[in-house]
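What follows is calculated from the coordinates using simple rules that are stated; it is not laboratory data. This one's a predicted model, so the numbers in the text were calculated from it and none came from an experiment. Cβ placement follows ideal geometry from the backbone for every residue including glycine, while neighbour counts extend to all protein chains displayed.
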Amino acid sequence: MQNGVRNLALIRESGSTSRVLNLPLIAERHGETPEYKAKPLFRNPRLNTALILKHVVRPAERGCFGTAPINSTKIVLPFSSAELRLGGRSLFYGERNFERVLRDALGAQKDDLAHDLELLRLLDSLPSFDPFLLRERLRQSGYDPAQCYFEMSEADVMRMRGFVSKEIERLVALAYANSPSARELSARLAEKLMTDETAKPLDPLRQTLRLSPGEYREGVFAWRGFLYYKWVSDELAPQLSHLSREILAAKIIGAPAEDREIINDIRQKIVDHLGVGASCINEAINEYAVAFSALAEGHPAVFREFLLKAPSMFVPIGQAVGVIQHVHSFWRFRFPVRRIALTIPADDALDMFVDLEATLGGMDVIADAASADRFRTVSL
């Protein structure tokens, strides 16, 4: 299809960090480096140059599955990784006969794909491909691919540039008081912070934080992660309040009283889960803000300790961000015009809300809260 080919080509420039794992671009940029060759993500060379996307399942695609999910991991095997405009062959993780179809597309035997199939299962379980959540979950599961797989997309780096520059202005202002070039320096340092943790202009920061080169590289990656989550949270917050109002206010038509009560209970749970996820994000970002303020006020040890422990926070915050983004994108796909007065047929509403509640209920923070409630109940 022409639209599919066009969209595949545009991913290079507009793909979101959280939605797209752009393996052709990574291969193009880093394919000749020793680390890339020694530590590939996938063992199958063709799969290691695939585009892997988080994708809202369209009505016409639901027949690919036994029971269709509302969101799927889409794997696109380009006909040419150097020329994406030529398009590629695509399939969904979990579609009917998925393993056989993938083996046929790759020309691989079953035993050859055991490692890669397990890795695809893990990727499908993630709500997004944001590099901070992705690296930590891979690390927890025993995978250690090259660092180049965890870079942010150019599109997101460009959108974040002004935000990051403003964020670190306080540090620059303290170090270069009354300097007319402080704002320009902030912009340059922000660029280095987002794209090159080994840059020489950042050496004074490494020395201030008393980090070894290895610790510093990890620390900058962690800092970048919290800047990313803070930026996403700032953009998501106003959308989240409108989304919650739409879900609660939607008029369900054709439902008997008992079904309407069930639907109302489920959508209230959805909104509650969204609130818990947002609280998880806000608590983590507030912890970052306190540590960063300490650095700006001349207490680098506090920020140092925060950076060293930050990766352990990426799974709950990354999961919450990814799931909320997924619910929001699905809702906007189904109801592209933002309005409170929605009408939804009862059968559609029940299926949709059950799926959304199950998706949100899978967040670790929701499971932890439910376990805590059960424990308190038993203790009483």
Exercise. Cross-link partners among lysines for Lys54, C-alpha distance below 23 Å, same-chain residues fewer than 8 apart left out?
Worked result: Lys74, Lys230
Problem set entry | Paramagnetic reach from Asp234 (point 7 Å along Cα→Cβ, amide N under 18 Å) across the stretch 319-338 | 321
Exercise. Among the GluC sites (Glu not before Pro) within the stretch 260-289, which fall in a DSSP loop and have no more than 12 other Cβ atoms within 10 Å of their own Cβ?
Worked result: none
Problem set entry | Largest-first principal axis extents of the Cα set of the stretch 207-379 (Å) | 67, 45, 25
Exercise. Given R₀ = 25 Å, FRET efficiency for Glu28-Arg89 by Cβ-Cβ distance, to 0.05?
Worked result: 0.80
Seminar exercise, completed: For Lys39, other-chain or 5+-apart residues with amide H closer than 5 Å (H placed, Pro excluded) are Ala146
Exercise. Label Asn97 and Lys309 with points 7 Å out from Cα along Cα→Cβ: what is the distance between them in nm?
Worked result: 5.3 nm
Problem set entry | Extension gain, Thr67 back to Ala38 (0.36 nm per residue minus Cα-Cα distance, nm) | 6.6 nm
For this session: Sorted from largest down, give the three principal axis spans of the alpha carbons of the stretch 204-265, whole angstrom values.
Result: 67, 19, 12
Problem set entry | Pairs of alpha carbons in the stretch 302-348 whose separation is greater than 14 Å (percent) | 69 percent
Problem set entry | Phi to ³J(HN,Hα) by Karplus 6.51 cos²θ - 1.76 cosθ + 1.60 over the stretch 151-163, Hz, x for Gly, Pro | 7, 7, 5, 4, 4, 6, 4, 5, 5, 8, 3, x, 4
Seminar exercise, completed: Dimensionless Rg/Rh of the stretch 244-308, both radii on Cα and Rh by Kirkwood, sits at 1.39
For this session: Quote to one decimal, in nm, the extra length available between Glu215 and Glu118 on full extension: 0.36 nm per residue of separation minus the C-alpha distance between them.
Result: 31.9 nm
Exercise. What's the extension gain from Gln109 to Ser293 if we count 0.36 nm per residue and subtract their Cα-Cα distance?
Worked result: 60.8 nm
Exercise. Just in the stretch 208-237: which trypsin sites (Lys or Arg not before Pro) are loop by DSSP and have at most 12 other Cβ atoms within 10 Å?
Worked result: Arg210
